[in-house]
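Notes for the one structure printed next.
The values are calculated or read from the model by the stated rules, or taken from the named source; none is laboratory data. The structure presented is a predicted model; accordingly, all values stated were derived computationally and were not measured. All Cβ positions, even for glycine, are placed from backbone atoms using ideal geometry, and neighbour counts span all protein chains on display. Areas reflect the complete protein model, heavy atoms only, side chains present, ligands, DNA and RNA absent. Shrake-Rupley method; radii C 1.70, N 1.55, O 1.52, S 1.80 Å.
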Amino acid sequence: MDEYLDAIRHRRDEIMARVDEALERSRRAPGSVRVMAVSKTVGTPQVLAAIEAGYGLFGENRPQELVRKLGELAEVSDLPPVRFDMIGNLQTNKINAVLGRAACIHSVSSLHLAEAISSRVQRRIESGELAAAQPVLLEANVSGELSKSGFTPDELRAAFPRLSELRGIRIQGLMTMAPRGDKSVARSTFASLRELRDELAGDWPGVDLAELSCGMSEDFSEAILEGSTLVRLGRVVFDPAFELE
Ligand SMILES: *Cc1c(COP(=O)(O)O)cnc(C)c1O
């Protein structure tokens with residue numbers, strides 16, 4: 001594990017240098033973007049190495065994995081506080097598994113799912129099992145790719161009045177995934193996400209949409225240039241063989 005730890009420490013320095021560079025290029029404040037380590041392809045030993053390397057925010061795309069890793073980490077003494085978010089497709093029958101465990105659910109991709117989360121949260125608040133509404137992000141499909149989940153911009157505009165009334169969720173921002181392979185297409189996808197956010201935030205006084213969760217291993221610099229506040233990095237964090245361009 002020592003060699004692995006050295007490799008991901010070194011990689012973290014490279015990632016942070018690129019994050020700082022993109023923030024500077026876009027005249028944004030240092031520290032205004034958070035880096036999530038997406039641990040879906042690795043086990044708890046690699047997560048422990050990542051914690052040692054300095055990461056404190058993790059993302060999982062399957063509820064069972066999130067629950068399993070949190071359980072294994074709970075057995076480890078003297079860990080600094082770490083946060084896990086749910087970033088993947090969430091089926092309604094798995095909602096209960098992540099409530100109270102995922103600090104934020106990034107992948108609320110439909111009104112139906114938002115309502116299902118909200119009603120379960122409210123039930124749990126009433127029974128005293130949960131203290132507060134669940135922080136969530138609304139997943140938007142701004143690239144128009146049919147294979148991607150999420151609200152289309154028009155669906156999101158139409159659903160927003162109802163979404164903003166749901167008492168069991170606290171909407172904190174938007175999330176998207178860009179098409180793979182072309183950085184300029186990715187960049188315009190991120191710009192569209194920011195514009196959609198600005199439009200919705202203006203229309204709904206009091207609604208906080210500060211978080212923009214976008215940017216992955218291949219396109220996080222572009223995402224930061226377009227206002228990302230949280231980049232979700234998997235391979236570039238955990239795979240020493242991944243080529244950071
Ligand atoms: C896997 C995954 C990531 C990380 O992808 P990489 O290309 O490995 O950085 C980010 N977001 C979501 C939703 C994912 O499923």
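Go through region 134-186 and count every residue that is within 16 Å of residue 201 (Cα to Cα) and assigned to a loop (DSSP other than H, G, I, E, B).
Total satisfying the criteria: 2.
Of the numbered conditions (1) away from the ligand (no atom under 15 Å from the Cβ); (2) out of contact with any Leu (no Cβ under 6 Å at 6 or more places or on another chain), residue 26 fails exactly one; give the number of that condition.
Residue 26 satisfies all of (1) away from the ligand (no atom under 15 Å from the Cβ); (2) out of contact with any Leu (no Cβ under 6 Å at 6 or more places or on another chain) except (2).
Report every pair of residues separated by at least 6 positions or lying on different chains whose Cβ atoms are under 7 Å apart, first residue within region 183-204 and farther than 21 Å from residue 171 by Cα, second among the charged types (D, E, K, R) and part of a helix (DSSP H, G or I).
Note: pairs meeting the criteria are 183/222; 186/222; 187/222.
Checking the conditions here, which among 165, 243 is free of Cβ contacts under 8 Å to residues at least 24 places away in the same chain, farther than 25 Å from residue 11 by Cα and either open to solvent by 40 Å² or more (accessible area, probe 1.4 Å) or among the charged types (D, E, K, R) (or both)?
Answer to the selection: 165.
Could you look through region 125-160, keep only residues that are β-branched (Val, Ile, Thr) and under 18 Å from the mean Cα position of the chain (by Cα), and pick out the one that is surrounded by the fewest Cβ atoms within 10 Å (Cβ to Cβ)?
142
In region 19-46, how many residues are in contact (Cβ under 8 Å) with a residue 12 or more places away in the chain, surrounded by fewer than 16 Cβ atoms within 10 Å (Cβ to Cβ) and over 25 Å from residue 102 (Cα atoms)?
Total meeting the criteria: 3.
Do you know which residues across region 168-181 are open to solvent by less than 70 Å² (accessible area, probe 1.4 Å) and either more than 30 Å from residue 100 (Cβ to Cβ) or at pLDDT below 95 (or both)?
Within region 168-181, 178, 179 meet the criteria.
Return only the number of the condition from (1) of a type in the set (A, V, I, L, M); (2) out of contact with any Gly (no Cβ under 8 Å at 6 or more places or on another chain); (3) more than 14 Å from the ligand (Cβ to nearest atom) that residue 82 does not satisfy.
All conditions are met except number (2).
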